[in-house]
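Here is the structure we will look at.
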Amino acid sequence: MRGIQLWRRSEITAQIIDGKAIAQKVRTEVAVGVSNFVGSHGFAPGLTVVLVGDDAPSAVYVRGKEKASQEAGFNGQVIHLPEITPESEVLAIVHHLNADGTVHGILVQLPLPDHIDSDLITSAISPDKDVDGMHPTNLGKLLAGSPGFIPATPLGIQRILVEEKVKLSGAQVVICGRGSLVGRPLSILLSQRGPEANATVTLCHTGTRNLACATRGADVLIAAMGQAQVITADMIKPGAVIIDAGTSRVNDPTRKRGYRLSGDVAFEEVSQVASAITPVPGGVGPLTIAMLLQNSLRAANRATLGV
């Protein structure tokens, strides 16, 4: 683990982990890979994002993906469909993209409108183009220990831990949140054999009795519950590494938009106990898009080179 394990709280000031800098490193690596791909094949890798409806956070996130993919050199496009688009039409578009040899990565932005079955749409994406890593085949491969595409946020969290030189092998990792996008796949990823994993993982959730009892034993605590500031200083082992993957809107009349973003962790107090911590925003979020680009480049290389 990082640093010295036995601290008095008054002596600790956590290192703030710069997710933006790590994400930029990944994006630079991807841009080099895309340039090499174009040089070898004469065309750019294709990444298509499908957005249904006008959910404001989703629209912002998709714009970020579109900008990042273009900056990295992808042939990126966004298909924006009206809220009332029938499920059958979304399925037809996914099947068309599956068959399009110029499209190497497909991402359907969630959440979808209530009349559309998200699982049905996700399962319709070709596993070979499922750069979000949410197809049942890719999740099954992750469970079997031979990953295809790993979901972007768990992959990004692992990259943060690697870049920060956190020793995961044998470490006690506690994940708060069992969602299919972060908690569950991350628990599998970090418990697998290998130099960037091999941790002892505890997965906590809303039914966990005495959550603080579990979190106080964590060398690495990963919060992915979507509940603002639910993890407090008295729940943290001194010197632990804290990764905050939660994002909530908290009312704040002092802000022009009337709210601010908050993580699951009470940042100010926990940063006096932990050895390192990710902020919200600027921590895990930038890595999600960066790892999506990494997956997309990998999909293009697999499609053209079989690697």
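Pull up all non-local amide H partners of residue 81: gap of 5 or more, or a different chain, and H-to-H distance under 5 Å with H placed in the peptide plane.
Sorted by chain and number, the residues that satisfy this are 51, 52, 53.
In Å², and per residue, what accessible area does the chain have when probed at 1.4 Å with the other protein chains present?
It amounts to 46 Å² per residue over the chain.
At most 15 other C-beta atoms within 10 Å and a DSSP loop state: those are the exposed trypsin sites (Lys or Arg not before Pro) I care about. Give me the longest piece of the chain that has none.
9-164
Hey, if we sort 128, 264, 100 by accessible area with the 1.4 Å probe, largest down, what's the order?
The residues order as 128, 100, 264, largest area first.
Keeping all protein chains in position, work out how much accessible area residue 80 exposes to a 1.4 Å probe, and write it in Å² to the nearest 10.
100 Å²
Got a sec? Charge dipole of segment 73-211, +1 on Cβ for Lys and Arg, -1 for Asp and Glu; which of 173, 135, 116 is way out at the positive end?
Toward the positive end, the furthest listed residue is 173.
Could you sort 269, 66 by their accessible area in this structure, using a 1.4 Å probe and putting the largest first?
Reading off the accessible areas and sorting them downward yields 269, 66.
I'd like to know which of 299, 273, 263 lies farthest towards the positive end of the charge dipole of segment 200-307, counting +1 on Cβ of Lys and Arg and -1 on Cβ of Asp and Glu.
299
For segment 30-132, with all protein chains present and a 1.4 Å probe, just round the carbon and sulfur fraction of the accessible area to a whole percent.
54 percent
Using the crude model of +1 on Lys and Arg Cβ and -1 on Asp and Glu Cβ, and no other charge, please compute the dipole size for the chain relative to its Cα centre, in debye to 20.
Its charge dipole is roughly 960 debye.
Roughly how much of residue 235 is accessible, in Å² to the nearest 10, using a 1.4 Å probe?
Around 20 Å² of this residue is reachable by solvent.
Antiparallel as a % of all DSSP beta bridges within the chain, to the nearest 5?
Around 10 percent of the beta bridges assigned by DSSP in the chain are antiparallel ones.
Pull up the DSSP beta bridges for segment 152-289 and report the antiparallel fraction as a percent, rounded to 5.
Of those bridges, close to 20 percent are antiparallel.
Could you order 247, 215 by accessible surface area, starting with the largest, using a probe radius of 1.4 Å?
247, 215
Pop the C-beta distance of residue 251 and residue 119 into the FRET formula with R0 = 25 Å and round what comes out to the nearest 0.05.
It comes to 0.15.
Would you check the chain for Lys pairs whose C-alpha atoms are within less than 19 Å, ignoring same-chain pairs closer than 8 in sequence, and give me the count?
Lysine pair count for the chain: 10.
Please turn the phi angles of segment 187-194 into ³J(HN,Hα) values with the Karplus equation 6.51 cos²θ - 1.76 cosθ + 1.60 (θ = phi - 60°), one per residue in order, whole Hz, x for glycine and proline.
Result, rounded to whole Hz: 4, 6, 4, 7, 8, 6, 5, x.
Under a 5 Å amide H to amide H cut-off, with H placed in plane at 1.01 Å, what residues pair with residue 76 once short-range neighbours are removed?
For residue 76, the qualifying residues are 47.
³J(HN,Hα) across segment 228-241 via Karplus (A = 6.51, B = -1.76, C = 1.60, θ = phi - 60°), whole Hz, x for Gly/Pro?
Ordered by residue, 3J(HN,Hα) equals 4, 6, 7, 9, 10, 4, 6, 9, 10, 6, x, x, 5, 9 Hz.
Using a 7 Å offset from the Cα along the Cα-to-Cβ direction at both residue 99 and residue 167, what is the distance between the two label points in nm, to one decimal?
So the label points at residue 99 and residue 167 sit 5.5 nm apart.
How much length, in nm to one decimal, is gained on full extension between residue 227 and residue 84, taken as 0.36 nm per residue of separation minus their Cα-Cα distance?
Length difference between fully extended and current span is 48.5 nm.
Residues with amide H under 5 Å of residue 259's amide H, sequence separation 5 or more or different chain, H placed in the peptide plane at 1.01 Å from N; which?
252
Counting each DSSP H run of 4 or more residues in the chain as -39500 (n - 2.57), what helix-only mean residue ellipticity at 222 nm follows after dividing by all residues, to the nearest 500 deg cm²/dmol?
-12000 deg cm²/dmol
What are the ³J(HN,Hα) values, in whole Hz, obtained from phi via the Karplus relation 6.51 cos²θ - 1.76 cosθ + 1.60 with θ = phi - 60°, for each residue of segment 69-83 in sequence order, with x given for Gly and Pro?
Running phi through 6.51 cos²θ - 1.76 cosθ + 1.60 with θ = phi - 60° gives 5, 5, 5, 7, x, 6, 8, x, 9, 10, 9, 9, 10, x, 3 Hz.
According to a simple spin-label model (label point 7 Å from Cα along Cα-to-Cβ), what is the distance in nm between residue 110 and residue 200?
With each label placed 7 Å out from Cα toward Cβ, I get 3.1 nm.
For segment 24-129, which chymotrypsin sites (Phe, Trp or Tyr not before Pro) are in a loop by DSSP, counting at most 14 other Cβ atoms within 10 Å?
43
Between residue 260 and residue 193, what FRET efficiency comes out of the Förster formula 1/(1 + (r/R0)^6) with R0 = 41 Å and r the beta carbon distance, rounded to 0.05?
0.50
The values are calculated or read from the model by the stated rules, or taken from the named source; none is laboratory data. Predicted model, so just to flag it, every value in this text is computed and none were measured. When we count neighbours, we look across all protein chains shown, and the Cβ atoms used for this are built from the backbone with ideal geometry, even at glycine. The area values use the complete protein model at the heavy-atom level, side chains included, leaving out ligands, DNA and RNA. Shrake-Rupley method; radii C 1.70, N 1.55, O 1.52, S 1.80 Å.
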